[in-house]
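J.: This is the structure I have questions about; it appears just below.
Please treat every number below as a calculation from the coordinates, not as lab data. What you see is a predicted model, and the numbers here were worked out from it, not measured in a lab. Cβ coordinates were reconstructed from backbone atoms using ideal geometry, including for glycine residues, and neighbour counts include every protein chain displayed.
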Amino acid sequence: MRRIIPVLAASLACAFWLASCGGGGGSAAPATPSSSNGPAASTLSASSGEITAFGSVFVNGHEFSTQGAKLVDNDTGETLADASALEVGMSVDVKPMSATALDAAAPQAAEIRLHPLARGYVDAATSTASTLTVMGQTVQLTSATNFSDRRACVTATTSPCTPVSGLSGLSVTSAAAVPGSYVTVHGFLFSAGSGGANIVATLVSVGDAPTGTSRPAAFKAEGSVLSTGTNSVTIGSLAVSLAQATCWGADGKTSCATAFSTGQVVSVYSATAPALPATSFSASTAALRSRLPVETVGATVEVQGRVSSTSGTSFVLRGISVDGAALAAADRPVVGDDVRVTGTVATGGAITASAIKLLHAAISRSLTLEGDYSAVAAGTSANTWVVTLMGQSITVDASTRLSDRTSWTTNFNITTFQSVLSAASSKHLVVSAAADASGMLTATNLRLMPASTRAGLQGIVDATPAPVTGTGATAPTTFSVHGIAVSADPATFASLSDDDDWRLATKTTTVVAGDLVLVRGSFVNGQLVVAVPAGHTGPTMSDFVVDLGPPRAGDDHCDF
């Protein structure tokens, strides 16, 4: 994946768009999926995805009540004290009460299992690609990745430290005895190989480095097995020895010599850190991770993740094979789409999909806008709203990730949506949206920002009207993105200089239909105008156009 936003966020955050910011003890056997009898077709057996909001907790568009729910570390089986351990972006498996219907207004959660994919030190970080290396796993950060900092120094009364809120705040391993930041990574499995992104992160939580051996899963990797040997497996770029491990298969404890096979999803962990940087690891526990939290054939489940491959009407989601034959052709996802699938468990642990929702589009059909909204109206169904921004009608629903950056309130969700906007002194929004096959937009991310006179846009240049290359301020370059007209002085076209300052540099550019562009300027009379400010001769951080050329299939969309 090519990652665009870190280039901008790392270099331009002060004057450009804001980037996203946002176990325990015990020695029990690793948690295993439920094997209870399957429910009726209308009953939700499990919902697997990320936490998007609180009040009680929103997962996959459902507001699950957590009162009385059991909170469990999925690795150790340890029960957590209360919901204060939960964070937006955590990947969790939610098991509702047995008779909870899918359309219940506030289904009751019986059990919430926290399911991080990696725990360990940051051995490497690449700002241009927005990737981390943790426990031999390549972790792809996206515009939707949250950061949290739970180190003791953050809240210390003396000598407090600055909270980590993004990639630039992390430290990396510089020597075997000088580890990088200790992090817990939540997200979705993506590529099994050692050359691509193994994990697409939804949350990177920074913590104090573990001491002693009181945390049996303090260092962890989880993913599809790339290769096997006697008492060994390779996960991503991590060579794992199982010689001293206890191994758990589908039927319980098993011999580590031949416990796992290529392609199976396995988690390995230990209380003891590997030698750094982590390329090899001696696991104390290894467990076959059934790819669904409930594997009963016929059970109804929801699973959210990033599509890693497609074949005909089928696709792969978090290592799970999904049969999409029953889906409308226009609804079938492409590689890179973040989707939520509802379906029934088939023999062998696959899913037969009955419904799909696009949550975060691949860059080929995504759009990000910044500006003041002009209207908010109730949608056509309950708990939906339609926001008008830069002339675009954008639907906001319970799956939209909402954040209020004017007051940092935690009570901003779909039920409080209109009241929070009405009470805010600012009307300035940054919205990431996904276009369906007909071009209708649904918000995947919406942030209420401090007031600003600037406006911005990211997306693919339209073929109609055809782009026109300008010659100067009085004869500007013109093009459109999703029907939004752009008029830009050619002198504002820029590239990003890959140096310590990440400066904008003037670049002569001919805009071509199908190119991915980032634009910032002023929204005036229905068009986005990019002009050279007084006292300048070229692009500034307030007025510029960056043409990144044709996007690639695996690119992530930029989120300002």
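J.: Sum up the charges of everything whose Cβ sits under 14 Å from the Cβ of Ala209, counting Lys and Arg as +1 and Asp and Glu as -1, but leave Ala209 out.
T.: Charge balance near Ala209 sits at +1.
J.: Still on this structure: Sum up the charges of everything whose Cβ sits under 15 Å from the Cβ of Thr478, counting Lys and Arg as +1 and Asp and Glu as -1, but leave Thr478 out. List each step's numbers first, then the result.
T.: Values: positive: none; negative: Asp462, Asp489, Asp515, Asp547.
Net of charged neighbours comes to -4.
J.: Mind scanning Lys253/Lys357; Lys95/Lys253; Lys220/Lys357; Lys70/Lys220 and naming the pairs with a C-alpha gap bigger than 27 Å?
T.: Lys253/Lys357; Lys220/Lys357
J.: Nothing charged except the Cβ atoms of Lys and Arg (+1) and of Asp and Glu (-1): what's the magnitude of the dipole of the range 54-161 about its Cα centre? Round to the nearest 20 debye.
T.: Approximately 140 debye in magnitude.
J.: Would you mind checking which residues have amide H under 5 Å from Leu528's amide H? H placed 1.01 Å from N; only 5 or more apart, or other chain.
T.: Ala485, Val486, Ser487
J.: Separate question: What is the order of Glu222, Glu295, fewest Cβ neighbours within 10 Å to most?
T.: Starting with the residue having the fewest Cβ neighbours, the order is Glu295, Glu222.
J.: Rounded to the nearest 20 debye, what is the charge dipole size of the range 456-547 about its Cα centre when +1 sits on each Lys and Arg Cβ and -1 on each Asp and Glu Cβ?
T.: Values: 3 positive and 9 negative charges, 57 e Å.
Computed charge dipole of the range 456-547: roughly 280 debye.
J.: Give, rounded to the nearest 20 debye, the magnitude of the charge dipole that the chain has about its Cα centre when Lys and Arg contribute +1 at Cβ and Asp and Glu contribute -1 at Cβ.
T.: 380 debye
J.: Turning to a different aspect of this structure: Once amide H atoms are built 1.01 Å from N in the peptide plane, which residues 5 or more positions from Asn146, or in another chain, come under 5 Å H to H?
T.: Here Leu203, Val204 satisfy the definition.
J.: Test of understanding: ordering Arg401, Arg332 by Cβ neighbours within 10 Å, fewest first, what list do you get?
T.: Least to most surrounded, the residues fall as Arg332, Arg401.
J.: If each residue's Cβ is checked for other Cβ atoms within 10 Å, how do Ser282, Ser432 rank with the fewest at the top?
T.: Arranged by neighbour count, lowest to highest, Ser282, Ser432 become Ser282, Ser432.
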